[in-house]
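Data first, discussion second: the structure below is written as structure tokens.
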Amino acid sequence: MMKTLLIPLIFIIISCSNGRKKEEILSKNSNLPTSNKIKTDTTTTKKKAIREWTFNNQKIYLFPSEKTDDFYNYGYIKIKNHESGKFIRIAKEDSPYSGFEKIAIKHPYFTIEQAYREGDFTNYEYITFKQEGQSIYLHKYAVNYTSTQDLEENIPELRLDRKTIGNIEIQNITSDLLYSLRSKD
């Protein structure tokens, strides 16, 4: 009787530990946590989503792209039939800098928070979108600047809202567009 109970118990323990190992391996191959429910981008490339979130009963998927620079791979997000440009910084494995941090959701808004290095500054971006009907617009764009030379230096933050930047839909948001918004100051 004892042997009959012991064999299924051992099998369950081994199965559970193997599942954890696979998840740990997936996490080590990406700088972002993985989800057990990995979706694919069926409309374009069959890429696997790096991460997913729920936004007003819809899923937000983060996908990698081919765009890259010295420190980051760039990704894009997809919500239903809305696909952003490539602006989400995903730090490369050997990058000394962080990139994408999180998505904060408070319907009808969601904010992408990410860090990047530019010159003598480490910057933290807040890119807020608002869903209005069937459209998703850039609602606010903010950057906090920190000098790598003098951490106590008081540097004015960049704060732009929709009145200032106009109606820019999510599919038009790219790293180049965000750079141009930062450079207008």
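The values are calculated or read from the model by the stated rules, or taken from the named source; none is laboratory data. Everything numeric here is computed off the predicted structure, so don't read it as measured data. When we count neighbours, we look across all protein chains shown, and the Cβ atoms used for this are built from the backbone with ideal geometry, even at glycine. Just the protein is used for accessible areas: all its heavy atoms, side chains included, with ligands, DNA and RNA removed. Shrake-Rupley method; radii C 1.70, N 1.55, O 1.52, S 1.80 Å.
Observations, loosely collected:
- Protection-proxy order for peptides 51-63, 79-91, each taking the mean of Cβ atoms within 10 Å per residue, highest first: 79-91, 51-63
- In order along segment 76-87, the phi-based Karplus estimate (6.51 cos²θ - 1.76 cosθ + 1.60, θ = phi - 60°) of 3J(HN,Hα) comes to 9, 10, 9, 10, 6, 9, 9, 10, 6, x, 8, 9 Hz; Gly and Pro are listed as x.
- Per-peptide packing, taken as the mean over residues of other Cβ atoms within 10 Å, places 110-119, 175-184 in the sequence 110-119, 175-184 from highest down.
- Projected label points at Glu101 and Asp176, each 7 Å from Cα along the beta carbon direction, are separated by 2.8 nanometres.
- Between the amide H of Lys67 and those of Tyr74, distances stay under 5 Å, these residues lying 5 or more places away or on another chain, with hydrogens modeled in the peptide plane.
- Each peptide in 155-167, 97-109 was scored by the mean count of other Cβ atoms within 10 Å over its residues; highest first, the order is 97-109, 155-167.
- Average accessible surface area per residue within segment 59-185, 1.4 Å rolling probe, Å²: 54 Å²
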